[in-house]
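Novice: First, the structure itself, so that you have it in front of you.
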Amino acid sequence: METMRAQELHSFYGKSPVIQGVSFDLEPGEFLALLGRNGVGKTTLLKSLMGLTDGCTGGLVFGESNLLSLSTSQRAKLGIAYIPQGREIIPGFTVRENILMGTFARVDGRREIPEYLFEMFPILREFIGRKGGDLSGGQQQQLAIARALAMDPKILILDEPTEGIQPNIVKQIEEAIIRLNRERGLGIILVEQNVPFARRACDRFMVLDKGRVVVSGHSKDLTDSVVEKHLTF
Amino acid sequence: MDVILNQLFAGLSMASILLMIALGLAIIYGAMGVINLAHGEFVMLGAYATWALQTFAGINIILALPIVFVAVALVGWIIEKVIVQRLYHRPLDTILATWGIGIILQQVVRLSVGAESRFVKGPDLLSGNTQFGGLIMSNYRLFVIAFSIAVLAATWVLMTRTEFGMRLRAVIQNRGISECYGIEANKVFSLTFAYGAGLAGIAGALITPLFSTIPTMGTGLVVDAFLVVIVGGLGSLLGAASAAVLIGEATALFSMLLNDTLGRIAVLAGIIVLIRFRPRGLFPAKTRH
């Protein structure tokens, strides 16, 4: 299994550096929570990992691979699955097609949908033939996670997976994320506003402000005073 | 009555060739948003390739079809890789660039092959006629109609039932997320452009026995194909097919009732009226967002 290592990462939109020197390590199977107020660069950092910003400098490796020299689709094929904010499932595709799309990032070329996805999110089996755009927000989020898992990833990158979702499904999604990490050994990078969930789920956390890491540590270090200082408005 | 039937039949065979040209245009526009003004020249290249295969290698049209498809698709693929791909974020410039490419292709053929009209013989196998009462249908035109229906069906299968089609539809709907799931959008676009060009090449091959093969032959055809795409509605295979039939038949009928020039005017006037009332065409794609 590979370690993801970012060193002095800078990331740009046009000429303005949004991420200004972020470094972190993600060991195999580790759970990293990325916290911070709105607009501090959390989403941009995740996008930088996938190569979706205008440019990146610094160091970013995954195992032996230098991610900065790879295209987005090549990064995906290394086993890095990205679930963006707003889910971005394909509305015109059926649930089945959306999940199948995840398998396009598999290097072994297999095209079947793993059975455990339906055990985790039974609603997807029920709605397998419906258009993705017809699902509710929570169901779309489950679909987005299933699509990511269909590629059999090593790392799951999630951007606010419970934002704007009805509470009963939030619980289900949170449990699924924790189980994927604990039982299936998936490395996880999670952007989250819900601090109690982040504290319960993560091994380590990192708080971002103005494109820089202002505090980081193990989950037990995510104390109320840290929250008070960096995360309340 | 027989005159009308025969005219309708001729119109239908012209419509099927228009359909193949329009399909390529519509696919390229639908996928990449590129209005390919060199498309008529792909038709012309297909026609000249067919002529060359027949003249120098003795290969008849039917056997030439797959070769022409691959050859013109390859030309399209190279043009996409070298020029069009660099302009996807500048859609207006693609119009100018493809127009220029079209002129270059025309002049290259004019300089190398010559400006005079070339003749291609229809295949012997399809030389006769099939008669139904007063309706006399040339076997070759029947073949063209059947072939274009098969091309339409194959395109539909390619777009809706294959993994390539799924990748293309994914990229059209959300390019960024498609790349996050291992789809290389550039590769998909190159192949799509090549497929559209290949279809134009086939249309060019099939049209050779019915139409004079000259370097500028594509210009008029591509105008008609654009009309088909606009009338049919973007992104709809069904729309393209029905619009091709409509325009092919209307042209044939008006030309018979009036004359070629007035017929042309009548068709264009009809299209203007139609677009006034259905600006997105007959069957616009609904699921764009």
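The values are calculated or read from the model by the stated rules, or taken from the named source; none is laboratory data. This is a predicted model, so every value here is computed, not measured. Note: ideal-geometry Cβ built from the backbone for every residue, glycine included; neighbour counts use all protein chains shown.
Novice: Looking at this structure, is A:PHE62 away from chain B (no Cβ under 11 Å), crowded, with 21+ Cβ neighbours inside 10 Å and at pLDDT 95 or above?
Specialist: Judged against the criteria, A:PHE62 is a match.
Novice: With segment B:1-93 as the region, which helices (runs of 4 or more DSSP H) entirely inside it contain at least 3 residues that are closer than 21 Å to B:ALA150 by Cβ and within 12 Å of the chain's Cα centre (by Cα)?
Specialist: B:2-32, B:39-57
Novice: If a residue has to be farther than 16 Å from B:ILE79 by Cβ and either modelled with pLDDT under 95 or polar (S, T, N, Q) (or both) to count, how many in segment B:24-54 make the cut?
Specialist: Total meeting the criteria: 5.
Novice: Select from segment B:83-135 the residues that are in contact (Cβ under 8 Å) with a residue 24 or more places away in the chain and among the charged types (D, E, K, R) and list them in ascending order.
Specialist: B:ARG110, B:GLU116, B:ARG118, B:LYS121, B:ASP124
Novice: Also, quick follow-up: Among residues belonging to segment A:66-85 that are over 12 Å from B:CYS180 (Cβ atoms) and either surrounded by 22 or more Cβ atoms within 10 Å (Cβ to Cβ) or modelled with pLDDT under 95 (or both), point out the one that is nearest to the other protein chains (Cβ to nearest Cβ).
Specialist: Looking at the filtered set, the residue picked out is A:GLN85.
Novice: Criterion first (under 14 Å from A:ALA148 (Cα atoms), of a type in the set (A, V, I, L, M, F, W, C) and more than 10 Å from chain B (Cβ to nearest Cβ)) does A:ILE113 satisfy it?
Specialist: Criteria met by A:ILE113.
Novice: Among the residues of segment B:200-258, which ones are within 18 Å of B:PHE283 (Cα to Cα) and of a type in the set (Ser, Thr, Tyr)?
Specialist: Within segment B:200-258, B:SER236, B:SER242 qualify.
Novice: Cβ contacts < 7 Å: first residue facing chain A (nearest Cβ under 8 Å), restricted to segment B:163-176; second residue in a helix (DSSP H, G or I) and hydroxyl-bearing (Ser, Thr, Tyr), any location; separation 6+ or different chain. Result?
Specialist: B:ALA170/B:SER178
Novice: Of (1) in a helix (DSSP H, G or I); (2) aliphatic (A, V, I, L, M); (3) surrounded by 20 or more Cβ atoms within 10 Å (Cβ to Cβ); (4) within 14 Å of chain A (Cβ to nearest Cβ), B:MET159 satisfies all except one. Which?
Specialist: (3)
Novice: Another question, if that's okay. Please enumerate the residues belonging to segment A:167-187 that are more than 20 Å from A:GLN140 (Cβ to Cβ), surrounded by fewer than 20 Cβ atoms within 10 Å (Cβ to Cβ) and hydrophobic (A, V, I, L, M, F, W, C).
Specialist: A:ILE178 - this is the single residue of segment A:167-187 that is more than 20 Å from A:GLN140 (Cβ to Cβ), surrounded by fewer than 20 Cβ atoms within 10 Å (Cβ to Cβ) and hydrophobic (A, V, I, L, M, F, W, C).
Novice: Could you list all residues from segment A:171-182 that are modelled with pLDDT of 95 or more and either more than 20 Å from A:PHE205 (Cα to Cα) or among the small types (Gly, Ala, Ser) (or both)?
Specialist: The one that is modelled with pLDDT of 95 or more and either more than 20 Å from A:PHE205 (Cα to Cα) or among the small types (Gly, Ala, Ser) (or both): A:ALA176.
Novice: In segment B:136-151, how many are crowded, with 16+ Cβ neighbours inside 10 Å and among the aliphatic types (A, V, I, L, M)?
Specialist: 5
Novice: Out of the residues in segment A:121-141 that are in a loop (DSSP other than H, G, I, E, B) and either within 14 Å of chain B (Cβ to nearest Cβ) or not hydrophobic (A, V, I, L, M, F, W, C) (or both), state the one that is farthest from A:ILE89 (Cα to Cα).
Specialist: A:GLY129
Novice: If you scan segment A:101-132, which residues turn out to be of a type in the set (Gly, Ala, Ser) and surrounded by 15 or more Cβ atoms within 10 Å (Cβ to Cβ)?
Specialist: Scanning segment A:101-132 gives A:GLY102, A:ALA105, A:GLY132.
Novice: Separate question: Take B:LEU8 and decide whether it is surrounded by 24 or more Cβ atoms within 10 Å (Cβ to Cβ) and either touching an Asp or Glu at 6+ places or on another chain (Cβ under 8 Å) or on the phi > 0 side of the Ramachandran plot (or both).
Specialist: Here the answer is no, as B:LEU8 does not meet what is asked.
This table checks each residue for (1) more than 16 Å from the chain's Cα centre (by Cα); (2) among the aromatic types (Phe, Trp, Tyr); (3) more than 14 Å from every other protein chain (Cβ to nearest Cβ).
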{"position": "A:GLY92", "(1), (2), (3)": "yes, no, no"}
{"position": "A:VAL107", "(1), (2), (3)": "yes, no, no"}
{"position": "A:GLU119", "(1), (2), (3)": "yes, no, yes"}
{"position": "A:LEU143", "(1), (2), (3)": "no, no, no"}
{"position": "A:ILE157", "(1), (2), (3)": "no, no, no"}
{"position": "A:GLN166", "(1), (2), (3)": "yes, no, yes"}
{"position": "A:ILE178", "(1), (2), (3)": "no, no, yes"}
{"position": "A:ARG200", "(1), (2), (3)": "yes, no, yes"}
